[in-house]
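A.B. asks: Before I ask anything, here is the structure I am working with.
Only the coordinates and a few stated rules stand behind these numbers; no lab work does. Predicted model only: the values in this text are computed from it and were never measured. Every residue, glycine as well, gets a Cβ built from its backbone with ideal geometry; the counts of neighbours run over all protein chains shown.
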Amino acid sequence: QKEVEQNSGPLSVPEGAIASLNCTYSDRGSQSFFWYRQYSGKSPELIMFIYSNGDKEDGRFTAQLNKASQYVSLLIRDSQPSDSATYLCAVNTPMFSGGYNKLIFGAGTRLAVHP
Amino acid sequence: EAGVAQSPRYKIIEKRQSVAFWCNPISGHATLYWYQQILGQGPKLLIQFQNNGVVDDSQLPKDRFSAERLKGVDSTLKIQPAKLEDSAVYLCASSVRTGVTGELFFGEGSRLTVL
């Protein structure tokens, strides 16, 4: 079982619609959860992070976390063509020793927003 | 504030040759990461440094890959000898700390092609 799983897509949505991206993780000890956006040929950039159950909103983006179900999602409202990118779910997982954490990425979901 | 610097941006080598990548993190960032991103996949953590000590290298192919972070600042990642499957983008990232809200800042990446 992969540590962080995402549907690879592509997820195609019309401009102005809501895009829903999902992610599941395997380690129940995971503490915080991140969504990164990666444009083609570019490096990942952080969009949002969440570490409490429930919803967290930032502009057009809403992150949702359900630790009991080990499920994280990202909603993008009023999707724009400029949102077309790969969205990477990343999970901050504690290491066995030393008190450190490491960030494990999923394979990403490719989102295409068409006019 | 200067971002994470990486070089070279592109490198083409033949299999069994060696290559080295360099990374200079954001000033003051204690944690440095090297990720490998193969086309179509998410970033895979190769090694994580806290200051100049290694906190995780569990996925580093130690028979061919090595990395060091001298004086807790710059880092180099070396591959010797390279294999075809090492073709990927090598991403360096840094963060202030590895805590719950550890946001990673990525460099532009070093794209390696092994022929």
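A.B. asks: Could you run the Karplus curve 6.51 cos²θ - 1.76 cosθ + 1.60 with θ = phi - 60° over the stretch B:25-30 and give me ³J(HN,Hα) per residue in whole Hz, x for Gly and Pro?
C.D. replies: Coupling constants for the stretch B:25-30: x, 5, 4, x, 7, 7 Hz.
A.B. asks: Still on this structure, I have one more. Can you sort B:Lys11, A:Lys42 from fewest to most other Cβ atoms within 10 Å of each residue's own Cβ? Intermediate results must be reported in sequence, preceding the final value.
C.D. replies: On the way: B:Lys11 18, A:Lys42 13.
So the residues, fewest neighbours to most, are A:Lys42, B:Lys11.
A.B. asks: Follow-up question, since we're still on this one. In the stretch B:7-39, which residues have a backbone nitrogen under 17 Å from the label point lying 7 Å from B:Ser66's Cα in the Cα-to-Cβ direction?
C.D. replies: In the stretch B:7-39, the label zone of B:Ser66 (backbone N under 17 Å from the point 7 Å along Cα→Cβ) covers B:16-23.
A.B. asks: Just want to confirm a number: the relative contact order over the stretch A:1-102, from Cα pairs under 8 angstrom separated by 6+ residues, in percent.
C.D. replies: Details: 199 pairs, mean separation 34.1, N = 102.
Dividing the mean separation by the residue count of the stretch A:1-102 yields 33 percent.
A.B. asks: Next up: For B:Gln41 paired with B:Val54, estimate the spin-label separation in nm (one decimal), with each label point 7 Å from Cα along the Cα-to-Cβ line.
C.D. replies: The two pseudo-label positions are separated by 2.0 nm.
A.B. asks: Follow-up question, since we're still on this one. If we count every other residue with Cβ under 11 angstrom of A:Ala17's Cβ, Lys/Arg +1 and Asp/Glu -1, where does the sum land? Spell out each step's value before the answer.
C.D. replies: On the way: positive: A:Arg77; negative: A:Glu15, A:Asp78, A:Asp83.
Residues near A:Ala17 contribute -2 overall.
A.B. asks: Let me check against my output: what whole-number percent is the relative contact order of chain B, with C-alpha pairs under 8 Å and at least 6 apart? Don't skip to the answer; put the middle values down first.
C.D. replies: Details: 288 pairs, mean separation 42.3, N = 115.
Dividing the mean separation by the residue count of chain B yields 37 percent.
A.B. asks: While we're on this one: If neighbour count is taken as other Cβ atoms inside 10 Å, put B:Phe105, A:Phe34, A:Phe61 in order from fewest to most. Write down the numbers at each step before the final one.
C.D. replies: Numbers: B:Phe105 20, A:Phe34 25, A:Phe61 17.
Ordered from fewest to most neighbouring Cβ atoms within 10 Å, B:Phe105, A:Phe34, A:Phe61 come out as A:Phe61, B:Phe105, A:Phe34.
A.B. asks: Right, something else. Can you pull out the trypsin sites (Lys or Arg not before Pro) in the stretch B:31-115 whose DSSP state is coil and whose Cβ has at most 13 other Cβ atoms within 10 Å?
C.D. replies: Details: sites: B:Lys44, B:Lys62, B:Arg64, B:Arg69, B:Lys71, B:Lys78, B:Lys83, B:Arg97, B:Arg111; in loops: B:Lys62, B:Arg64, B:Arg69, B:Lys83, B:Arg97.
Qualifying residues, ordered by number: B:Lys62, B:Lys83.
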